[in-house]
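What follows is calculated from the coordinates using simple rules that are stated; it is not laboratory data. This structure is a prediction, so every number in the text was calculated from the model and none was measured. FYI the Cβ positions are ideal-geometry reconstructions off the backbone, even for glycines, and counts take in every protein chain you see.
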Amino acid sequence: MGSAFDLNIEEVLEHWPVSHAVREVLANALDEHHLTGTAEPTVTKLAEGRWEVRDFGRGLRYEHLTQKENAEKLGHPAVIGQFGIGLKDALAVFDRRGVTVTIRSPHGDITTERLPKTGFPDVVTLHGVVGEPSDPGRVGTSVVLDGVTDHDVDVARLQFRRYRGDEVLEETKLGLVLARDRDDAPGRVYVKGLLVAEEPSFLFSYDITDLNAPLRRALNRERSNVGRTAYSDRVKDILRACSSSPVAAALTADLGRFASGGMHDELGWKDVAIHACRVLQTVDKVVFVTPRQVGHASVAYARDDGYRVVIVPDDIAKALANLTDLDGNPMVDLRAFQREWNESFTFDFVDPADLTEAERAVFELTDAVIDLAGVDLEDAGVEEILVSETMRLDEGGSGEIVGVWDGSTGQIVIRRDQLGSVVSWCGTLLHELEHAVSGAGDCTFAFEEALTHRLGALAESALELQR
């Protein structure tokens, strides 16, 4: 027998399964691969119940059986094994579960055995039995496990992102945003490629590569099934660092499901939702609307103008009104679109001679309606009453307005489709005439009072004609 290296372990926790120990062996092999830049480790089934994990690094030494922090691993951004259960505990799990371990490296062959503790023959602990290397020319380390099942190995492998093949949507300096396997699959949270939690209500999966202090503390306490409070801040940071359309588009599309209750948990973080909107506008032509604005006519105009409509909750829409996208351009909500439309708007006037016969018949009622209403156009400052194919948008949100009084030009302009009926043309004409006469704007008490008075006068005139 070779030299016995006391691992100072009598028993490990009963709930640790064999897969946890296999995971540790895999993690060590992958860490050596990252640290040395050597070939990818191999995981090979040698026979039923017998597997080998092999790396091609510097070779394991008996000193590695001690349980202590490895400065080399702590300082490497890609190394996984900063928070595994540790090789010592892995060997103890194998021993408790009846798995025989044989480690071979150019520095020696190591197996495990329960032996009395030196100086205390009544205390039996697990020892690493270290012998001369059976192959001094071996490259790297071979760990052969006898007594493991295919299931144990599969479960261990699936703890690593590299073996699952998650699609990377975006990489940031803090970590990766990954696509979920399927819509009904949970989101997964990895830390440096190692699975620490599953989130059924997450939109994405994540691989955190830059750990903050709360996450480090949590991983020191719990090596698997880490609680959300430990990593949620880092997930937020990763999402706020994203600048690509695939991630932002998926987030904002999901944001539109808030009314139906189908929104994923990441969108409950307001700062993440706002950032996604800013990213999306930077890379796409979008307009943000609330659920109450979806039916407004202006939304159809926005779509016709090439905008993609993104539905957001009221609180997000309110916040966006004071923000810019990542290029410094003001965020485009429905009001901003309407202002932009109106600033570039020009009337498309229609010559009365070009009206249809039916339209002309309605248009020719104009003077009679003005006389009936008792309006003096000269006193009101009205110089022209015109028809236009186009009309400005109402920035109040109701869509395209049907008529307008422009005091600077003395023009009343009415949209052509109002000539479709006597009621619509006369109603719009009287409305705009009252703006001219009263000087009051829409949605004011003064205008309502003036319009009410005008309707009364009009009724009086109509009744007198009937007598």
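Describe numerically, in nm with one decimal, the distance between label points set 7 Å from Cα along Cα→Cβ at ARG162 and at ALA253.
Going from the ARG162 label point to the ALA253 one covers 3.2 nm.
Counting only helical runs of four or more DSSP H residues, what would the 222 nm mean residue ellipticity of the chain come to if each run contributes -39,500 (n - 2.57) and the total is spread over all its residues?
Calculated from helices alone, the mean residue ellipticity at 222 nm is -11000 deg cm²/dmol.
Given a Förster radius of 45 Å and the C-beta distance between GLU63 and ASP305 as r, what FRET efficiency does 1/(1 + (r/R0)^6) yield to the nearest 0.05?
Step by step, r from the Cβ atoms, then E = 0.05.
Could you list PHE202, PHE120, PHE349 so that the one with the fewest beta carbons within 10 Å of its beta carbon is first and the one with the most is last?
PHE120, PHE349, PHE202
For an R0 of 41 angstrom, estimate the FRET efficiency from the Cβ-Cβ distance between GLU343 and GLN466 and round to the nearest 0.05.
Calculated transfer efficiency: 0.30.
For ASP394, enumerate residues with amide H under 5 Å from its amide H, sequence gap 5+ or separate chain, H modeled in the peptide plane.
GLY399, GLU400, ILE401
Fewest to most neighbouring Cβ within 10 Å: what's the order for HIS296, HIS127, HIS15?
So the ranking, lowest neighbour count to highest, is HIS15, HIS296, HIS127.
Taking a ≥ b ≥ c as the square roots of the Cα gyration tensor eigenvalues, with a/c under 1.5 meaning rounded and otherwise prolate when a/b beats b/c, else oblate, which class fits the range 164-242?
In terms of gyration-tensor shape, oblate.
Using label points projected 7 Å from each Cα along Cα→Cβ, tell me how many nm separate VAL283 and GLU357, to one decimal.
5.9 nm
Report, by chain and number, residues whose modeled amide H sits under 5 Å from the one on VAL286, excluding near sequence neighbours (fewer than 5 apart, same chain).
ARG308
Can you tell me the relative contact order of the chain? Whole percent, Cα pairs under 8 Å, sequence separation 6 or more.
With pairs under 8 Å counted, the relative contact order is 9 percent.
Got a sec? How would GLU359, GLU464 order by Cβ neighbour count within 10 Å, fewest to most?
Exposure proxy ranking, most exposed first: GLU464, GLU359.
What is the sum of charges around GLY131, taking Lys and Arg as +1, Asp and Glu as -1, for the other residues whose C-beta is under 11 Å from the C-beta of GLY131?
Every neighbour counted, the sum reads -1.
Which option, [x] 54, 24, 19; [y] 34, 26, 26; [z] 80, 18, 17, is the value of semi-axes √(5λ) of the Cα gyration tensor in Å that was calculated from these coordinates?
Only one option fits the structure, namely [z].
Beyond 26 Å, what share of the Cα-Cα pairs of the range 352-466 is found? Please give it as a whole percent.
The answer is 16 percent, as a whole percent.
Amide H of SER3: which non-local residues (sequence gap of 5 or more, or other chain) have their own amide H closer than 5 Å, using H built in the peptide plane?
Under 5 Å from the amide H of SER3 lie the amide H atoms of VAL130, each far enough along the sequence or on another chain.
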